[in-house]
Amino acid sequence: MADPATQRVLLTGASSGVGFEAAKVLSSRGHALTLLCRNQAAADQTLSQLSGSVHALICDLADLAAVENVCSQLLESGTAFNALVLNAGLQYAGASEAQFSAQGIELTFAVNQLAHQLMAMRLLPLLQKAASPRLVITASEVHNPASGAGKVGKPADLGELAGLSGGAGFAMVNGGDRFDGNKAYKDSKLCNVLMARELDRQLAASMPVIAWSPGLVITRNSGGFFRYNKRSNPLGMGAFAFFARDLLRITESPENAGRLLAKLVSDPEIDPGFRYFTNKVVSFGGHRLEPTDTSTEGADLQKAERLWRLSEELIQSVIPS
């Protein structure tokens, strides 16, 4: 059954996990989807499982030149989007050596934050052309050192952004010399929250700018958000999944998390301005999506502006004008 208010949605990270499940829900309701997929194989597989008005563009978020090229294509077409959904993400849990993007930027930050900021910078005009537009950014509760997940391992902490301020080649955003894959992911999710804050400021609360945490989602197949962890540490990841998903039952299913993301994309009751939602564990196997405070650092508007500015300068330094 088609949604009475059909929307055009641009979505990253739709090839697997939460993004794919959200795409299934949105397409089934008659919304028109444009999906950014890493390669043609991922695009073909994703499109084969979806119906309705869905098409894919090939874009590796680890290559800012590819992101810029896709943005130029979209701007040239002039098609307005009601929702820009910045959902893609990766994590290298346990990694002690940094990996780098095509532009020499630490990969977690490059994909989770920088590629999405570039898309927001370039594609805001297409959002502002649409009726009732919104931005949705998939963050995580791990951005908050006071949360349960945020307390595991080193906490998110961007410091004075010393790594980022030095340009490409940094291992950690805060300038730390030793790479920590878990902390790099937490830091990137904190950056996502701050990006949402800064976008809301730039847009003067003219549309909903939503950051959210889907909770801990561990698929039973080899895909999904933890796909790299499953390859690098199959025994450890298997044990973690068993305790968290099957024994303690604190994980969320990708299907339900996808439904929640689809709701955030299309719910007309969400007012303009910044909102942060968390899919909280309320019982064994039970979750509830509700508005939540961000971490203290995630509410630092001066840091949000500086992060945006330094990120913009880095983007401009590595992409030929």
Hey, can you tell me all the residues within the stretch 253-273 that are open to solvent by less than 70 Å² (accessible area, probe 1.4 Å) and either within 12 Å of ALA23 (Cα to Cα) or assigned to a helix (DSSP H, G or I) (or both)? PRO254, ASN256, ALA257, GLY258, LEU260, LEU261, ALA262, LEU264, VAL265, SER266
Looking for something in contact with a Cys (Cβ under 8 Å, 6 or more places away or on another chain), under 13 Å from GLU106 (Cβ atoms), buried (at least 24 other Cβ atoms within 10 Å of the Cβ) and in contact (Cβ under 8 Å) with a residue 24 or more places away in the chain - is there at least one such residue anywhere in the stretch 181-199? no
Among residues belonging to the stretch 200-213 that are open to solvent by 10 Å² or more (accessible area, probe 1.4 Å) and among the polar types (S, T, N, Q), point out the one that is nearest to PRO145 (Cα to Cα). GLN202
Filter the stretch 57-80 down to residues that are under 18 Å from the mean Cα position of the chain (by Cα) and of a type outside the set (A, V, I, L, M) and give me whichever is surrounded by the most Cβ atoms within 10 Å (Cβ to Cβ). CYS59
Could you grab me the full set of residues in the stretch 25-56 that are more than 15 Å from ALA83 (Cα to Cα), under 18 Å from the mean Cα position of the chain (by Cα) and not hydrophobic (A, V, I, L, M, F, W, C)? ARG38
Is one or more of the residues making up the stretch 29-48 open to solvent by 40 Å² or more (accessible area, probe 1.4 Å), polar (S, T, N, Q), without any contact (Cβ under 8 Å) to a residue 40 or more places away in the chain and under 26 Å from ALA184 (Cβ atoms)? yes
Name the residues in the stretch 107-133 that are hydrophobic (A, V, I, L, M, F, W, C) and not in a helix (DSSP H, G or I), would you? ALA130, ALA131
Can you give me the number of residues within the stretch 92-106 that are open to solvent by less than 20 Å² (accessible area, probe 1.4 Å) and either modelled with pLDDT under 95 or assigned to a strand (DSSP E or B) (or both)? 1
Among GLU21, GLU68, GLU76, which is within 29 Å of SER317 (Cα to Cα), touching a Lys or Arg at 6+ places or on another chain (Cβ under 8 Å) and either outside any loop (DSSP other than H, G, I, E, B) or of a type outside the set (Asp, Glu) (or both)? GLU68
I'd like the full set of residues that are farther than 22 Å from GLN302 by Cα and open to solvent by less than 20 Å² (accessible area, probe 1.4 Å), limited to the stretch 134-156. ARG134, SER147, GLY150
Every residue from the stretch 157-171 that is under 18 Å from GLY298 (Cβ atoms) and in a loop (DSSP other than H, G, I, E, B): ASP157, LEU158, GLY159, GLU160, LEU161
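The values are calculated or read from the model by the stated rules, or taken from the named source; none is laboratory data. This is a predicted model, so every value here is computed, not measured. Positions of Cβ are generated from backbone atoms using ideal geometry, with glycine treated the same way; all protein chains shown enter the neighbour counts. Surface areas here come from the heavy atoms of the whole protein model, side chains and all, with no ligands, DNA or RNA. Shrake-Rupley method; radii C 1.70, N 1.55, O 1.52, S 1.80 Å.
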